[in-house]
Amino acid sequence: MTRRRGWEGLGDGLRDGISLGLTYFVFAWSIGHHAVVVLGFPPAYISAQSFLLFSAQGQIAALQVLSTGGGAAFAILLLLFINMRFMLISAALAPHLRTASMLQILLTAHVIGNGTMALAMRRFDSTGGQAGYLFGVGVVGFLGYSIGTTAGAYLGGALPEYLAGPAIFALPAFLVTAVVGAMTSGAGLLLALALLSGILTLATAWIAGTNVALMAGPTIAATLCTYWKHGRR
Amino acid sequence: MAVDSSALIVLAIGAVATYALRALPVSAISRLNLPDFVRTWLIFVAEAILSAYVALFLFWDAECSSLRLDSVALLAIGVVIAVHVWKRTLLLSIFAGVMIFGVLDLWLRHAAGGGF
């Protein structure tokens with residue numbers, strides 16, 4: 001029988017999540033401001049959307065559809081299509097949560113995102129899966145994002161426009177540190193995977209748009225590298 | 001601006017469905033014994049997703065739907081990588097990159113006559 005590890009790692013997750021929470025806060029501020037000032041939605045709606053969806057790209061896409069008079073059905077379909085990437089992220093985390101209870105998994109599911117995954121995967125390389133750690137990181141990231149969006153929606157004008165660019169840069173900077181962490185602790189195959197995924201994603205974006213690319217590029221790259229590692233035996 | 005019913009419908013259905021997209025794979029797969037190659041694929045796809053985001057942030061112009069080379073962003077990313085390899089401190093790496101990006105961006109605006 002597999003031993004349950006309860007909330008082991010929760011404290012470490014909350015502590016490590018601070019960097020993610022701050023990054024998301026800065027990044028989300030500009031999203032909240034944009035949604036209110038440019039797309040014309042009430043701050044309360046943007047805030048509720050962030051707490052309930054926790055999905056920057058999906059939210060912006062749905063808001064753009066609604067703001068241009070598009071139908072609710074199209075907005076929902078687009079939102080779900082973009083958010084299908086969460087299926088991949090959740091699936092990637094799943095093998096690390098074998099010792100978690102179903103309640104822990106269901107609670108943690110809402111705070112799963114790319115940043116959460118980035119931090120958790122680095123940790124799990126050395127400790128094995130810890131649902132508590134994932135939940136801790138995720139909750140802090142989720143709060144940073146949701147509060148950041150809310151603050152941007154209500155107080156966005158307080159931030160000078162010339163700070164908007166650097167704010168948006170915070171998230172890619174965070175993700176780059178995650179990729180670099182994998183490179184320096186892993187093998188050359190991970191470098192090849194990163195390059196291949198980047199190239200395939202850009203090529204797919206050029207052909208079919210970024211929403212398709214974010215699913216197709218990583219999937220194809222991971223499949224090819226898996227074949228390279230296992231299929232040649 | 002008031003929110004109409006369609007926006008509320010999008011919010012309600014979108015929230016439930018997005019939660020399902022997150023919860024179903026993790027709850028189902030975590031209980032399975034997966035073959036080695038599937039576990040490898042799942043690890044690889046996680047790393048590949050991060051690289052895909054970075055590539056789009058750095059090299060894709062969403063407004064024009066075309067490739068771009070943003071020298072300021074590339075330089076700032078170089079700083080992030082250098083600081084992270086050197087110090088291994090997440091916040092310091094991000095802070096250094098954001099500062100460099102902000103300063104260069106401001107300097108370019110000033111040089112172009114855009115002012116602050």
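The table below lists the values:
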read-out	value
Criterion (buried (at least 18 other Cβ atoms within 10 Å of the Cβ), in contact (Cβ under 8 Å) with a residue 12 or more places away in the chain and under 24 Å from A:Arg123 (Cα atoms)) met by exactly one of A:Gly181, A:Gly217	A:Gly181
Segment A:149-165: number of residues that are free of Cβ contacts under 8 Å to residues at least 40 places away in the same chain, within 26 Å of B:Ile77 (Cβ to Cβ) and part of a helix (DSSP H, G or I)	4
Residue check for A:Phe51: modelled with pLDDT of 90 or more and over 23 Å from the mean Cα position of the chain (by Cα)	no
Any chance B:Ala20 is more than 7 Å from every other protein chain (Cβ to nearest Cβ) and within 23 Å of the chain's Cα centre (by Cα)	yes
Count of residues meeting criterion [in a helix (DSSP H, G or I), of a type outside the set (Lys, Arg) and more than 15 Å from A:Leu53 (Cβ to Cβ)] in segment A:116-143	18
Scope segment A:34-79; condition closer than 13 Å to A:Gly152 by Cα and not in a helix (DSSP H, G or I); matching residues	A:Val38, A:Phe41, A:Pro42
Single residue of A:Ala91, A:Ala62, A:Ala72 found to be under 30 Å from B:Leu32 (Cβ atoms) and surrounded by 18 or more Cβ atoms within 10 Å (Cβ to Cβ)	A:Ala91
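This table checks each residue for (1) surrounded by 13 or more Cβ atoms within 10 Å (Cβ to Cβ); (2) among the polar types (S, T, N, Q); (3) facing chain A (nearest Cβ under 7 Å).
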{"residue": "B:Ser51", "(1), (2), (3)": "yes, yes, yes"}
{"residue": "B:Cys64", "(1), (2), (3)": "no, no, no"}
{"residue": "B:Val80", "(1), (2), (3)": "yes, no, yes"}
{"residue": "B:Phe101", "(1), (2), (3)": "yes, no, yes"}
{"residue": "B:Leu104", "(1), (2), (3)": "yes, no, no"}
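The values are calculated or read from the model by the stated rules, or taken from the named source; none is laboratory data. It should be emphasised that the depicted structure is a prediction, and the values quoted were computed from it without experimental measurement. Counting neighbours? That spans all protein chains shown, and the Cβs are built from the backbone with ideal geometry, glycine included.
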